[in-house]
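The values are calculated or read from the model by the stated rules, or taken from the named source; none is laboratory data. In this text the structure is predicted, and so the values were computed from the model without any measurement. Positions of Cβ are generated from backbone atoms using ideal geometry, with glycine treated the same way; all protein chains shown enter the neighbour counts.
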Amino acid sequence: MGDVALRIENLTKEYKISKGERVRALDSLNLQVNAGTMFGLLGPQGAGKSTLLKILVGLSKPTKGRTLIFGREQRDWRTRARIGFLTQEPCFCDFLTGEELLLHTGRFFGIPPEESSKRAEELLSLVGLEEAKSRKIKDYSREMLQRIGIARALINDPELLLLDEPEAGLDPRNQKEIRGIITALSGRGKTILLTSSHLVETGSICDSVAIIYQGRVTRRGRLTELLRKGEGKKVTFRIEKKGVLNTINASYRSEEANGQITVHVPHQKACDEIISTVLSRGGSIIRVEDEQLSLEEIYQEEILRETHV
Ligand SMILES: Nc1ncnc2c1ncn2[C@@H]1O[C@H](COP(=O)(O)OP(=O)(O)OP(=O)(O)O)[C@@H](O)[C@H]1O
Ligand SMILES: [Mg+2]
């Protein structure tokens, strides 16, 4: 523990799009991921998430910068064998079955056939595809493709697993299942770097997260810390007597749902005042929470920061 799995220093990537025209997808990006942790790289579309992952696995060359994986240069072939990768748009040989895809990938990594078969069986069970292992991949649904993609990324028993938007295009139930599989893998000591544009859902399973915006990491830390909105609090209560809101500072935002009222206050003192007002009128406090920023607010802050620099 405490080892660094991934160290990215001043990574810049520019794509040439036409004569003299370039897009800067990564802009002097710095990032460190500790071994054995689950790290979420979260950012809006076009932020540079896939570009970063492609560079890490050698599918794209950086314009500038350095990447060390388990202390070795990314280009070192010994490093490649320790990485598993799920691309954002998995593109498999359609004519293979799920099981054949895993065995084929095992061969690519030079894993002995017997060992490959054993691992394939375990992985098909892990991702819930035992029943479908003999079906051709062309007949797989979107969700099954994500599952087989994760299994394939694991066939070489990688220490570092890179998952580019593993939940994209899935319904909430399948998203939850995929999150469950990823969490289980993290429990086995793997280092996982996953990307998403869904801050809260994905961030909640990560040990730490970084927000990537316009090719730069703009914030990093634990999700709860990143989302805390200053000193703001949310008080939710239930009260029989109507009119309590009239006695509360009119500048506070409030909403009512299912017989519960939630008031957003800027600091603890205001929160305490509301609690005593509600209790003195016979109401009950349901919960008090830290006010959290929404994904939109976080990105909005980045935009504002940009325009004020
Ligand atoms: N092959 C390419 N050629 C030219 N520009 C590219 C290429 N790939 C990515 N870009 C551009 O680089 C920027 C970053 O793209 P990237 O796909 O890395 O973002 P992303 O965060 O993965 O987005 P998404 O959430 O949509 O997957 C975007 O402006 C994109 O248009
Ligand atoms: Mg992407």
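Miscellaneous remarks
Yes or no, residue by residue, for (1) surrounded by fewer than 18 Cβ atoms within 10 Å (Cβ to Cβ); (2) near ligand 1 (Cβ under 9 Å from one of its atoms):
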site	(1), (2)
Leu31	no, no
Gly36	yes, no
Gly43	no, yes
Lys61	yes, no
Lys64	yes, no
Ile69	no, no
Gln74	no, no
Phe85	no, no
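- Some residue of the stretch 161-171 being closer than 28 Å to Gln45 by Cβ and either of a type in the set (Gly, Ala, Ser) or part of a helix (DSSP H, G or I) (or both): yes
- Every condition in (1) closer than 24 Å to Gly189 by Cβ; (2) assigned to a helix (DSSP H, G or I) holds for Ser50 except the one numbered (1).
- Test: residue in the stretch 201-222 that is free of Cβ contacts under 8 Å to residues at least 24 places away in the same chain and in a helix (DSSP H, G or I): no
- Filter result for Gly169 (within 16 Å of ligand 2 (Cβ to nearest atom), without any contact (Cβ under 8 Å) to a residue 40 or more places away in the chain and touching a Lys or Arg at 6+ places or on another chain (Cβ under 7 Å)): yes
- Members of the stretch 42-62 that are among the basic types (Lys, Arg) and either within 16 Å of ligand 2 (Cβ to nearest atom) or not assigned by TED's automatic domain parsing to the domain that holds Thr191 (or both): Lys49, Lys54
- Those residues of the stretch 175-195 which are on the phi < 0 side of the Ramachandran plot, small (Gly, Ala, Ser) and touching a residue at least 24 places away in the same chain (Cβ under 8 Å), in sequence order: Ala184, Ser186
- Test for Gly65: is it within 16 Å of ligand 2 (Cβ to nearest atom), touching a residue at least 24 places away in the same chain (Cβ under 8 Å) and on the phi > 0 side of the Ramachandran plot: no
- If you filter the stretch 278-307 down to residues that are acidic (Asp, Glu) and part of a helix (DSSP H, G or I), you find that the one that is modelled with the highest pLDDT is Glu297.
- Options Ile55, Ile17: the member that is more than 21 Å from Ala210 (Cα to Cα), of a type in the set (A, V, I, L, M, F, W, C) and within 15 Å of ligand 1 (Cβ to nearest atom): Ile17
- Qualifying residue in the stretch 29-41 (condition: within 30 Å of Arg188 (Cα to Cα), within 13 Å of ligand 2 (Cβ to nearest atom) and either touching a residue at least 60 places away in the same chain (Cβ under 8 Å) or of a type in the set (D, E, K, R) (or both)): yes
- Scanning the stretch 15-28 for residues that are free of Cβ contacts under 8 Å to residues at least 40 places away in the same chain and either of a type in the set (Gly, Ala, Ser) or within 16 Å of ligand 2 (Cβ to nearest atom) (or both) yields Tyr15, Ser18, Gly20, Val23.
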